[in-house]
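Okay, structure first, notes after.
The values are calculated or read from the model by the stated rules, or taken from the named source; none is laboratory data. Remember, it's a predicted structure, so these values are computed and weren't measured experimentally. Virtual Cβ from ideal backbone geometry, glycine too; neighbours counted across all protein chains shown.
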Amino acid sequence: MEFIFEILFQFLAELVIQFFGELLMDFGLRSLVDGHTARRHPVLSFSGSVLLGVIAGIVSLLLFKEHFLPTAALRVAALLLVPSLAGWAMSLVGKWQEKRGGERAGLERFVNGFGFALAMSLIRFAFAR
């Protein structure tokens, strides 16, 4: 039973790091760009999100050099599941932003949030110890 809680905690840690990485990038980008005038092409927006995910993955490796999950099978499962959850969470942030009268930023769309988290997950998967 203790093993299951440990696995869930480590899986949750992976998700939390990616989600907060996305939130930090999102808030940083919002402070640089006016949402009403800055319309981006969807492909360019997705590409930028992936690039930011790669950068966030590299930074996360500097802070957390080891995998959170102990086995390769769990890491693969996290690689498949965590980006979807992070993208969904960021789309919820976007919906919340719209309800408050604001506009969604690029990372607050599922596809861009998913791309960011997938890129970050792939970097961590490939290069963490």
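Just give me the residues in segment 74-129 being β-branched (Val, Ile, Thr) and buried (at least 22 other Cβ atoms within 10 Å of the Cβ), in sequence order.
VAL82
Quick one: how many residues across segment 48-84 are within 19 Å of LEU12 (Cβ to Cβ) and within 13 Å of the chain's Cα centre (by Cα)?
10
Tell me yes or no: at least one residue of segment 48-64 is assigned to a loop (DSSP other than H, G, I, E, B) and at pLDDT below 80.
Looking for residues that are assigned to a loop (DSSP other than H, G, I, E, B) and at pLDDT below 80, one finds none in segment 48-64, hence no.
Tell me which residues, restricted to segment 62-73, are surrounded by fewer than 17 Cβ atoms within 10 Å (Cβ to Cβ) and not basic (Lys, Arg).
Scanning segment 62-73 gives LEU62, LEU63, PHE64, GLU66, PRO70, THR71, ALA72, ALA73.
I'm checking my understanding of the structure. Among residues of segment 85-118 that are assigned to a helix (DSSP H, G or I), of a type in the set (D, E, K, R) and farther than 23 Å from GLU14 by Cβ, which one is modelled with the lowest pLDDT?
Across segment 85-118, the extreme among qualifying residues is GLU98.
Filtering segment 87-129 down to residues that are aromatic (Phe, Trp, Tyr) and touching a residue at least 12 places away in the same chain (Cβ under 8 Å), which residue is nearest to GLY21 (Cα to Cα)?
Ranking the candidates gives PHE116 first.
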